[in-house]
Amino acid sequence: MTGKMKVFVVFLVVAALGGVLFVKGQRPSSPGIAGTSGTEALPRLIDLSTSSCPACKAILPHLERLKADYAGTLVVDIVDVWENPALGEKYKVRYVPTLVLLDEKGEVLDRREGFMALEDLVSLVESHGISRP
């Protein structure tokens with residue numbers, strides 16, 4: 001293993017451990033994606049992220065705004081893939097944040113990776129026929 005590779009591996013391990021120890025539990029997450037009473041028939045935007053990712057932290061206020069603006073027409077779930085690796089695997093997360101838009105039946109309508117501004121999130125949602133109540 002080359003010196004650069006060793007440094008990279010050490011960096012990844014330290015970053016992962018530091019993120020878990022420092023910010024564990026600071027990011028809200030939905031308990032389940034299967035749906036809760038009254039939301040099963042709604043489209044759903046799932047944010048698959050981690051609590052230590054800078055882009056994930058930056059998008060959080062936009063997701064909260066989207067959740068408030070589209071209440072009753074869209075469910076917004078925020079999921080930490082370190083705490084829920086099964087969902088990360090299910091949606092084949094390679095990069096965080098990953099946003100997955102599902103229709104009312106749970107079928108994937110769209111998928112995006114990386115930070116998105118609020119206006120881009122609104123465009124994504126509305127391009128699939130989901131509008132504010």
Those residues of the stretch 93-110 which are in contact with a Lys or Arg (Cβ under 9 Å, 6 or more places away or on another chain) and either within 17 Å of Ala41 (Cα to Cα) or surrounded by fewer than 15 Cβ atoms within 10 Å (Cβ to Cβ) (or both), in sequence order: Val100, Leu101, Leu102, Asp103, Glu104, Gly106
Has the stretch 84-91 got any residue that is in contact with a helix residue (DSSP H, G or I) (Cβ under 6 Å, 6 or more places away or on another chain) and of a type in the set (Phe, Trp, Tyr)? no
Please verify whether Ile46 is at pLDDT below 95 and either buried (at least 17 other Cβ atoms within 10 Å of the Cβ) or under 20 Å from Gly114 (Cβ atoms) (or both), treating the condition exactly as stated. no
Does Lys57 satisfy being within 13 Å of the chain's Cα centre (by Cα), at positive phi and modelled with pLDDT of 95 or more? no
Filtering the stretch 65-103 down to residues that are free of Cβ contacts under 8 Å to residues at least 24 places away in the same chain and in contact with a strand residue (DSSP E or B) (Cβ under 8 Å, 6 or more places away or on another chain), which residue is nearest to Ile130 (Cα to Cα)? Lys67
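The values are calculated or read from the model by the stated rules, or taken from the named source; none is laboratory data. Keep in mind that this is a model prediction, so the values were computed, not measured. Here the Cβ is made from the backbone with ideal geometry for all residues, glycine too, and neighbour counts use every protein chain on show.
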